[in-house]
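Inspection log for the structure reproduced underneath, given as structure tokens.
The values are calculated or read from the model by the stated rules, or taken from the named source; none is laboratory data. Because the structure is predicted, anything quoted here is derived from the model rather than measured. Cβ placement follows ideal geometry from the backbone for every residue including glycine, while neighbour counts extend to all protein chains displayed. SASA here: full protein model, heavy atoms, side chains in, ligands and nucleic acids out. Shrake-Rupley method; radii C 1.70, N 1.55, O 1.52, S 1.80 Å.
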Amino acid sequence: MVKVRRLYLGDKEPTQPHIRAFVERAVTFTTCGDCHGARLNEAALSARIDGRNIAECSAMQISDLAEFVRGVDDPSVAPLVGNLRDLLASLVEIGLGYLSLDRESATLSGGEAQRVKMVRHLGSSLTDVTYVFDEPTVGLHPHDIARMNALLLRLRDKGNTVLVVEHKPETIAIADHVVDLGPGAGPDGGRVCHVGDVAGLRRSGTLTGRHLDHRVRLREHVRRPTGHLPIRGADLHNLRDVDVDVPLGVLTAVTGVAGSGKSSLIHGSLPRREGVVVVDQSAIRGSRRSNPATYTGLLDPIRAAFARANKVKPALFSANSEGACPGCKGIGLVYTDLAMTAGVASVCEQCEGRRFTPEVLAYTLRGKNISEVLAMSVTEARDFFPSGAARSVLDRLADVGLSYLSLGQPLTTLSGGERQRLKLAIHMGDRANTYVLDEPTTGLHLADVDNLLALLDRLVDAGNTVVVIEHHQAVMAHADWIIDLGPGAGHDGGRVVFTGTPADLVARGDTLTATHLREYVAR
């Protein structure tokens, strides 16, 4: 089914309403009547071990499958079963025991996909290998971060080099060597500020060093709810007929270990309701031409300003219209398809990556042409546009921590956390009642978390409700209300194990979240 969708319909859902309506009428996907979704023929499905065929084993939760495989003791398959036991044990140890082997790869989160790749190398006999991990703690509860750290150390102790790009202090703390870049972001960064051990980083006075032991305190006075948003009988995925009330007019953190049912509860229940805006990390629909300026609508007032200053048409200043370079069609790059190998992107020789014709680049606004403006960071653009519609959009981008982004940076280069904050910047201009954010701290430096909390406070103080699915203890401590799911992941989760204020969770909670939040605020 996935292959048919990719080959004939494309990976992306049609954006034009009439095409989407046609696809819905003309195409129907249904479970195969012969194999019932198992994707194997009758001969393969007839083979069984202890009464289970391969499809049934693949559909089991990995933690259950690991226990099932431990019961297979036939000497003829002992070496194969031994390797399988180790692999399944690694998946459980890395915090993925709640998945099943038949789960489609496309449905995994970025953090889950990275951990699956990591498991492939844990059983490898190779040494002197350099592994590079980009924020391996994404999507992990503090309980799971401790297990991730242990796995990183195991890879190192096997004789390998492990490079980790990371913000979490728990992972920074286990490093043998730290390279801290800064001092700021974008044009204000790009320099090495500290090289050495963690103790030296603490003494260095850099932004990271100053915030390494920074802790957000519990609120002294929590906001009072103005009402409640009821969720009744939620049973999506592993949820067990959950009933819970989400308070209105406050900041609510939905917590729990990875796979406990947080996203199933919130995304499965709230988005259908009026006045609810969901801001997630999913890919932004668009082409190679899309960038923050086009996605936020910022390009419209910029084009209008250039047109007024030069007394020409605004269409000239669009890389999708009359002003586009004919060589690269306004992309700035020329893509060469190399058939069986990966394609190559090269800078357009005609425009040298500036995307516009020489005639358009001759028009300027306060000494800058359109290409130079699009190359500005949000911070630089705020100085260039001190007022008006453009400044309003730029201020929102700065508020969500995207000051370092350049206006013309392709959206395809943004991380999941950056995409989410970009969407939030857009929705902040809307009239909404309830904002739902899914792990907004992803990709944020320790210092930027404080800025995010201030932004969430401004949203709530403006009369909105903010619901945040989050693992970061700083967000938990700063929240007015906590809904904690668990107690474990997969079929060991799916229940609400605590509701109340963060102070109540610290004082009397007995969940994994309570344990780690208690340790966090006590430091």
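Here are some notes:
- Sorting Tyr435, Tyr335 on solvent-accessible area from highest to lowest, probe radius 1.4 Å, gives Tyr335, Tyr435.
- Residue-normalised accessible area of the stretch 448-511, given per residue in Å² at a 1.4 Å probe: 31
- For Kirkwood radius over Cα pairs in Å, calculated from these coordinates, the label among [x] 26.1; [y] 22.8; [z] 24.0: [x]
- Here's how it looks for Val246: its modeled amide H is under 5 Å from those of Leu229, Ile231, which are all 5 or more places away or on a different chain.
- Antiparallel DSSP beta bridges within the chain, percent to nearest 5: 55
- Here is the tail figure for the stretch 326-473: Cα pairs spaced more than 27 Å apart come to 39 percent of all pairs.
- Solvent-accessible surface (1.4 angstrom probe) belonging to Glu352, in square angstrom, nearest 10: 130
- Counting only alpha carbon atoms, the long axis of helix 299-310 and the longest principal axis of the chain meet at about 10°.
- Burial order of peptide ranges 127-136, 53-62, 38-47, 484-493 (average beta-carbon count within 10 Å, highest first): 484-493, 53-62, 127-136, 38-47
- For the stretch 399-448, the convex hull spanned by the alpha carbon atoms encloses 94 Å³ per residue.
- Surface share of carbon and sulfur [accessible, 1.4 angstrom probe, percent] for the stretch 381-523: 48
- Put simply, the amide H of Ile483, placed in the peptide plane, has neighbours under 5 Å in Ala253, Val254, Thr255, leaving out anything fewer than 5 places away on its chain.
- Table column - 3J(HN,Hα) (Hz), the stretch 169-183, Karplus curve with 6.51, -1.76, 1.60, x for Gly and Pro: x, 4, 7, 4, 5, 8, 6, 7, 8, 10, 10, 9, 9, x, x
- Accessible surface for the stretch 71-182, divided over its residues, is 52 Å² per residue with a 1.4 Å probe.
- The chain: angle of helix 78-93 to the longest principal axis, Cα-based, in degrees nearest 10: 50
- The angle separating the long axis of helix 512-522 from the principal Cα axis of greatest extent in the chain is about 60 degrees.
- The per residue volume of the convex hull around the alpha-carbon atoms of the stretch 188-332 is 286 Å³.
- Positive end of the dipole of the stretch 104-182 (Cβ unit charges, origin at the Cα centre): among Leu152, Gly111, Ile172, the Cα lying farthest that way belongs to Leu152.
- The packing ranking of peptides 194-202, 248-256, highest mean first, is 248-256, 194-202, where packing means the average number of other beta carbon atoms within 10 angstrom of each residue.
- When both bridge partners sit in the stretch 377-523, DSSP labels roughly 55% of those beta bridges antiparallel.
- Protein accessible area in the stretch 149-246, 1.4 Å probe - carbon and sulfur %: 52
- Principal axis dimensions, largest first and in whole angstrom, of the stretch 248-368 by Cα: 56, 47, 23
- Accessible-area rank, largest first, for Met376, Met428: Met428, Met376, with all protein chains present and a 1.4 angstrom probe.
- Ratio of the Cα radius of gyration of the stretch 402-523 to 2.2 N^0.38 Å, where N counts its residues: 1.18
- Principal axis extents of the Cα atoms in the stretch 332-384, from largest to smallest and rounded to whole angstrom, are 47, 27, 9.
- The chain, relative contact order in percent, only Cα pairs under 8 angstrom and at least six apart counted: 16
- Protein-only accessible surface at a 1.4 angstrom probe places the residues Tyr98, Tyr363 in the order Tyr363, Tyr98, largest first.
- Enclosed volume per residue, in Å³, of the convex hull spanned by Cα atoms of the stretch 195-276: 172
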